[in-house]
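Down below is the structure, laid out as structure tokens.
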Amino acid sequence: MRLLKLVPDDTNIQFLKWRNIAMAISFVSIVLSIVLVAVRGLNLGVDFVGGQSVRVEFTQAMPSIDVIREKVDAIGLGEPTIQQFGSDKAVSVRTALPEGDKAAADRAGKQLVQGIQKAFPTAKTGSVETVSGKVSDELIRTGALSLALAMLGISIYIWVRFEWQFGVGALFALFHDVTLTFGFFALTQMQFDLNIVAALLTIIGYSLNDTIVVFDRVRENLKKYRKMEIIPLLDLSLNETLSRTVMTSLSMLIALTMLLVFGPDVIFGFTAAMLLGIFIGTYSSIYMSAPILVWLKVGPDSFVPRTSAASAGAERIERKDDGAVV
Amino acid sequence: MLDFPRWKTIGISIILVLGIVFSIPSFVPERITQNLPGFLQAKVNLGLDLAGGSHLLLEADVADLQKTQLANMEKTVRTAMRGERGPDDDIAIGELSTAGGKISFLVRDQSKLDAARDRLFSETQGAGMTGQRDWSIDIVDTTRIVMTPTAAGQRQAIANAMDTARDIIDKRVNALGTREPTIIRQGDDRIVVQVPGLQDPQQLKDLIGKTARLEFRMVDPNADPNEAAAGRAPVGSEIVPYAEGASAGAPFEVLRRQVMISGEQLINAQQSYDPQSGQPVVTIRFDSGGSATFAKVTAQNVGKRFAMVLDGKVLSAPSINEPILGGSAQISGSFSVASANNLAISLRSGALPVKMTVVEERTVTPELGKDSIRKGAIAGIIATVAVLVLMMVVYGRFGIYACIALFFNIFLIIATMAAFNATLTLPGIAGFVLTIGAAVDANVLINERIREELKRGRRVFQAVELGYSEASRAIFDANVTNVIAAALMFWFGSGPIKGFAVVLTIGIVTSVFTAVTVTRLFAARWLHAKRPTSINI
């Protein structure tokens, strides 16, 4: 039986030729994402802003979002946020919690559910979530902290295992991935909650896996081809690992698409984030972490003992300055 | 790398078999697992987001606790200054202030200052293992004594109160009769309550919100009903209303102010049936001190009535038919099974030592949870099959090895989670997906490397050997970084992130084992048996 080869044997794509354009695109995307998050903001779930949210599922045709908003507004708990939720017959209704008074906050949950049941007798309500402001503040803090520490811890490990340039490269790639995912959520206004933080962490894990595979090959080739220029060497490493990159990404894409199409609607946002993350993560290991190695002047001497490296290194950097460096 | 001594092969096989055996309980329904031996009972718990149920996060009102403690210490100080041996033993004190969370008072006779301090010192306690007392006692201006709660003492007090509160909430929630509630302390001043299957958290909140204070008091037999109806009670007595729906007759009772037995002395209260009439009754039992008091009081008051008062509301006021000497009494009346049960629960649940408020609440309907599991399982199976087909089409025999290893990996993750009693949540499933992805990736890395080495003209044995050894480095680095990330998430993250981290950590270990070691064993056995000169990969 002839086996399928996703990438032909003699593939030789000059990835790094496009690195400046790619970097520019990445830079613009990062800036755009930050602007989007700043201007449009994230549609934060109750996990992060506090308040209460109820999932409402309509057994018959769903009324328009405006009708639902109007009816829920009439309950008198303030302007609600209504959002389609995965399937086309379910929405999540979110309102703020009355400030201060604990008993009032307690009543509000009942009020909301009963109000919705009265307005839409055929609808089913489920999944009530109430998070107080204090807890949501903590969830933001611990979520952000674990995200930041995970990125930092990983970069330090890569620094120790490889060289500091690799650590910086990985950190930039991760920063790129996380920022773009945030931008995606600001753009689509999909609800951003704790589950999405878990998705972000998964994206980081995946992107990193990719980056390390490339880095490992770069390290190996740096030792093997000591005379090769850094750019052809990176291109070689990327091409050598390309069939693996394609195969793994394809597996993940297939798995996630299945989850997106057939999976439960509660994880729709989660799966969508991951799907996007696979693209971004694969892209960033090729066009974020690798070019950074060029700029940070990684050379064959990065992996030989320091003493003999000093003089040879200086010369090599000199040569690179003529051509490749931006 | 392709040599597997016999002990290694046997060891690997044992681990794989154990993985399958211990993951069985998580797949089969409970009625089957019940018949299995004890070591096969452990199964993966489903988180509330999958199983449905209610989750409450309660926070203690620490300020309120400190206020109560200050008030208690004030009482203690006054009692201690009064002395035990009559008026001569008294230490006269001036105005006592509790401003700023401290107790401060003037000792009128300066010569008794030291004696006063000694008496107070014996009222303070060591704060845990810190070597500190719970209150510090200082003499200011040679006339005043100032008592300040120490930080260690306050921490200890909160910890004690939280332990008690946890136990009481546990008792109350268990009284609901739901399946396997989880009640655990979180941080310094919080308690997590999770009740699978519970739909209406209001019932749970009502139960928890109660700050029950239970007392047993005598009904004043001399009270004039007309006077009482007008709101006047005899000296030493007071009018106490009935709890909602607890009385068929008058809406109140006139009770002696003196508390006969306090709720702490009640050990148990249970709904049962009267052996003669078959009517539902409530059986209560006191501890030894309570039994003695109860025996004395009932012996003196046959024919009279006593009342059980919970939070200033009368629950029931039965007559004393005979002296109750054994410490165990039966309360009969016009109970239904439900009302008897309710009274028993109210009596059992006791008082919370500190006010608790709900700061986070989540309820998932079981239908939604079931739907999530069903769809998740379908999607998971389709996704797995698709990936397996891809692996086989691309890598042939080595792809099949990877697929078998992947199945073992799934079993091992589930078995390990069951052994640690871990909970699978939606984010946990995400962690699952990531580890499966990492396992597939490990095999992709190895197989691609084997292809490469073959292309370079290496012989089959050498190519496979190099494929494993060269790819292992990247696999190792990738997994160690993931473990670092998972560990940080576990330490600093909250709920869902923790669930993700647990599955990720377990999955990383098992996936390296199956994707690298197990497939290598398969490959080695095949190569040694067939000694092929070329392989299709």
* Listing B:Ile239, B:Ile145, A:Ile212, A:Ile280 from the residue with the fewest other Cβ atoms within 10 Å to the one with the most, what is the order? -> B:Ile239, B:Ile145, A:Ile280, A:Ile212
* For B:Gln279, enumerate residues with amide H under 5 Å from its amide H, sequence gap 5+ or separate chain, H modeled in the peptide plane. => B:Asp274
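Determine, for A:Asp10, A:Asp301, A:Asp73, the number of other Cβ atoms within 10 Å of each Cβ, and report the residues in order from fewest to most.
A:Asp10, A:Asp73, A:Asp301
How would the range B:210-363 be classified by its alpha-carbon gyration tensor: rounded, prolate or oblate, with rounded meaning a/c under 1.5 and the a/b versus b/c comparison settling the rest?
rounded
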* Estimated translational D of the range B:383-530 in µm²/s (Stokes, Kirkwood radius over Cα pairs; 25 °C; 0.890 mPa s) -> 155 µm²/s
* For the protein assembly as shown: Kirkwood Rh in Å [reciprocal of mean 1/r, alpha carbons] -> 32.3 Å
* **Zone of B:Leu70's modelled label, taken as backbone nitrogen in the range B:104-122 under 13 Å from a point 7 Å along Cα→Cβ** => B:104
* **Inter-label distance for B:Ile139 and B:Ala299, nm, one decimal - labels placed 7 Å from Cα along Cα-to-Cβ** => 4.9 nm
* Structure fact -> Straight-line reach check, B:Lys370, cutoff 14 Å on alpha carbons, 8 or more apart in-chain or any other chain, hits among aspartates and glutamates -> A:Asp265, B:Asp49
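Packing-wise, with mean Cβ within 10 Å as the measure, how do B:443-449, B:261-267 rank, highest first?
Numbers: B:443-449: 27.0, B:261-267: 17.7.
Listed from highest to lowest mean packing, they are B:443-449, B:261-267.
Fewest to most neighbouring Cβ within 10 Å: what's the order for B:Arg166, B:Arg257?
On the way: B:Arg166 17, B:Arg257 13.
In increasing order of surrounding Cβ atoms, one gets B:Arg257, B:Arg166.
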* Structure fact -> One finds, for B:Val259 and B:Arg232 with R0 = 25 angstrom and r their Cβ-Cβ distance, a FRET efficiency to the nearest 0.05 of 0.70
* Structure fact -> So, relative contact order of chain A in percent, Cα under 8 Å, 6 or more apart, is 24 percent
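Average the reciprocal distances over every distinct pair of alpha-carbons in the range A:51-131, invert the result, and give the Kirkwood radius in Å. Before the final figure, lay out the partial values.
Details: mean 1/r = 0.0798 Å⁻¹.
For the range A:51-131, inverting the mean 1/r across all distinct Cα pairs yields 12.5 Å.
Just need the relative contact order of the range A:51-131 here, percent rounded to a whole number, with Cα pairs under 8 Å and 6+ apart. Before the final figure, lay out each step's value.
On the way: 130 pairs, mean separation 36.9, N = 81.
Over the range A:51-131, the number comes to 46 percent.
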* **Positive-end residue, chain A charge dipole about Cα centroid, Cβ charges, pick of A:Pro300, A:Ile140, A:Ile154** => A:Pro300
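Based on the Kirkwood radius over alpha-carbon pairs, what is the Stokes-Einstein translational diffusion coefficient of chain B at 25 °C with 0.890 mPa s viscosity, in µm²/s? Walk me through the intermediate numbers first.
Details: Rh = 29.4 Å.
Estimated diffusion coefficient is 83 µm²/s.
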* Normalising by the residue count of the range B:63-151, find the relative contact order in percent from Cα pairs under 8 Å and 6+ residues apart. => 23 percent
* So if we plug the beta-carbon distance of B:Ala115 and B:Ala419 into 1/(1 + (r/R0)^6) with R0 = 56 Å, what FRET efficiency do we get, rounded to 0.05? -> 0.40
* Structure fact -> Scattering profile of the range B:63-151 from the Debye formula, Cα beads only, expressed as log10 I(q)/I(0) at q = 0.23 Å⁻¹, is -1.21
* Structure fact -> Links exceeding 19 Å between C-alpha atoms in this model, out of B:Lys75/B:Lys355; A:Lys71/A:Lys134; B:Lys171/B:Lys205; A:Lys224/B:Lys455, come to B:Lys75/B:Lys355; A:Lys71/A:Lys134
* To do: May I ask you to derive the FRET efficiency for B:Thr164 and B:Val337 from their Cβ-Cβ distance with R0 = 22 Å, giving the value to the nearest 0.05?
  => 0.15
* Proximal aspartates and glutamates relative to B:Lys304, as straight alpha-carbon distance under 14 Å, when same-chain residues fewer than 8 apart are discounted -> B:Asp220, B:Glu253, B:Glu322
* **Separation of alpha-carbon centers, the range B:263-318 and the range B:492-537, rounded to whole Å** => 64 Å
* Structure fact -> About its Cα centre, the protein assembly as shown carries a charge dipole, from +1 on Lys and Arg Cβ atoms and -1 on Asp and Glu Cβ atoms, whose size in debye to the nearest 20 is 2680 debye
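Every number in this text was worked out from the coordinates using simple rules, so none of it is lab data. This structure is a prediction, so every number in the text was calculated from the model and none was measured. For neighbour counting, all protein chains shown are included, and Cβ atoms are generated from backbone atoms with ideal geometry for every residue, glycine included.
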